[in-house]
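Take a look at the structure set out below.
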Amino acid sequence: MGGYARSMPRPIWRGVLSFGMVAIPVRLSLATETSAKVSFNMLCAEHRTRVNQKLWCAQGEHELKRNETVKGYEYEKGGYVILEDADLKELPLRSSKTIDIAGFIKDSALAGPLYYQGAYYLEPEKAAAKPYALLTKTLASTGRVAIAKFALRERERLVSLRAIDGALLLNTLHWPDEIRGVGELDIPEVQVAPAEVTMAESLVEMMAMEFDPAAFRDEYKDAVDRIVRAKVGGGEVVEAAEPAAETTVIDLMDALRASVEKAKERAKQTEKAERPAKTATARRKAS
């Protein structure tokens, strides 16, 4: 339990990356995997067997096979036009076979947290290794991000391309009309005292860190793994109680001061723990 074999990335799209007059044959594969996460299947409570989801026509009251369905586009409420696969193949979309780079922007110009969707890697076909390397190195040296469009899974998508560890990372982006503005939110205006801002800034500085993804674990998945192992082995499931949420309302400045003091104490403990290793390293260098 708890482990899985990482499979080799399988291309889900092949086409051409267009960079000015340069054509780079590439293949696209997923940059992330979710198979390690917790997932559940629906079972019949009585027979403990997996439940099958069936395609059902409510009007005709009968079950359908997948090949008995057609694609319908709802152009008005309850009104559909039927689209065949041949219709979609005839769409005049250059982006179905080509990723056309429209231009290059500064990384800071892209509001990443709002725009980013999926992450994919682009790999060059063997004959395109050199132009692929040239584009990758150029993006890395200029700090620029390429913006392009291409069609994937029956949808044209806005995408960005950036250099990462010698490869090209493609992120699908939300279209502008898909993004809600903060003006739609109900956020009350409040006054924050300068002293509170100063204290909060001090806390942020005390908690500054280098991001190391490997330092974080999916504790929910680990807990589920322990429960599953216990149940499979016929043992008793024992889980630590979830700590109660803090409900006491205290003064904001008091909370900030206490947080700063706690961060300072944590920093001292970390420095104390690291001191022997640093001393040993210094001695090795001296010798």
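The values are calculated or read from the model by the stated rules, or taken from the named source; none is laboratory data. Just so you know, these numbers come straight off a predicted model, no measurement behind them. Positions of Cβ are generated from backbone atoms using ideal geometry, with glycine treated the same way; all protein chains shown enter the neighbour counts.
Structure summary
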| item | result |
| --- | --- |
| Selection count, segment 157-184, where residues are touching a strand residue (DSSP E or B) at 6+ places or on another chain (Cβ under 6 Å) and charged (D, E, K, R) | 2 |
| Residue 183, sole failed condition from (1) outside any strand (DSSP E or B); (2) among the small types (Gly, Ala, Ser); (3) without any contact (Cβ under 8 Å) to a residue 40 or more places away in the chain; (4) in the same structural domain as residue 97 (by TED's automatic domain parsing) | (4) |
| Flag for residue 23 being outside the structural domain of residue 213 (by TED's automatic domain parsing), of a type outside the set (Asp, Glu) and part of a loop (DSSP other than H, G, I, E, B) | no |
| Selection from segment 139-159 of residues that are in contact (Cβ under 8 Å) with a residue 24 or more places away in the chain and either over 23 Å from residue 14 (Cβ atoms) or touching a helix residue (DSSP H, G or I) at 6+ places or on another chain (Cβ under 7 Å) (or both) | 142, 143, 144, 145, 146, 149, 150, 151, 154, 156 |
| In segment 247-279, the residues that are at pLDDT below 80 and of a type in the set (Gly, Ala, Ser) | 273, 277 |
| Given (1) modelled with pLDDT of 90 or more; (2) among the hydroxyl-bearing types (Ser, Thr, Tyr); (3) within 24 Å of the chain's Cα centre (by Cα), number of the condition residue 142 does not satisfy | (3) |
| Among the candidates 137, 149, residue that is surrounded by 10 or more Cβ atoms within 10 Å (Cβ to Cβ), within 17 Å of residue 26 (Cα to Cα), among the basic types (Lys, Arg) and modelled with pLDDT under 90 | 149 |
| Lone unmet requirement of (1) closer than 30 Å to residue 38 by Cα; (2) hydrophobic (A, V, I, L, M, F, W, C); (3) at pLDDT below 85 for residue 170 | (3) |
| Number of the exception - residue 121 against (1) under 28 Å from residue 85 (Cα atoms); (2) surrounded by 12 or more Cβ atoms within 10 Å (Cβ to Cβ); (3) more than 16 Å from the chain's Cα centre (by Cα) | (3) |
| In segment 49-87, residue surrounded by the most Cβ atoms within 10 Å (Cβ to Cβ) [restricted to those that are closer than 24 Å to residue 155 by Cβ and among the hydrophobic types (A, V, I, L, M, F, W, C)] | 83 |
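For (1) modelled with pLDDT under 80; (2) over 25 Å from residue 32 (Cβ atoms); (3) not assigned by TED's automatic domain parsing to the domain that holds residue 269, each residue gets a yes or a no:
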| residue | (1), (2), (3) |
| --- | --- |
| 189 | no, yes, yes |
| 198 | no, yes, no |
| 209 | yes, no, no |
| 214 | no, no, no |
| 223 | yes, no, no |
| 232 | yes, yes, no |
| 245 | yes, yes, no |
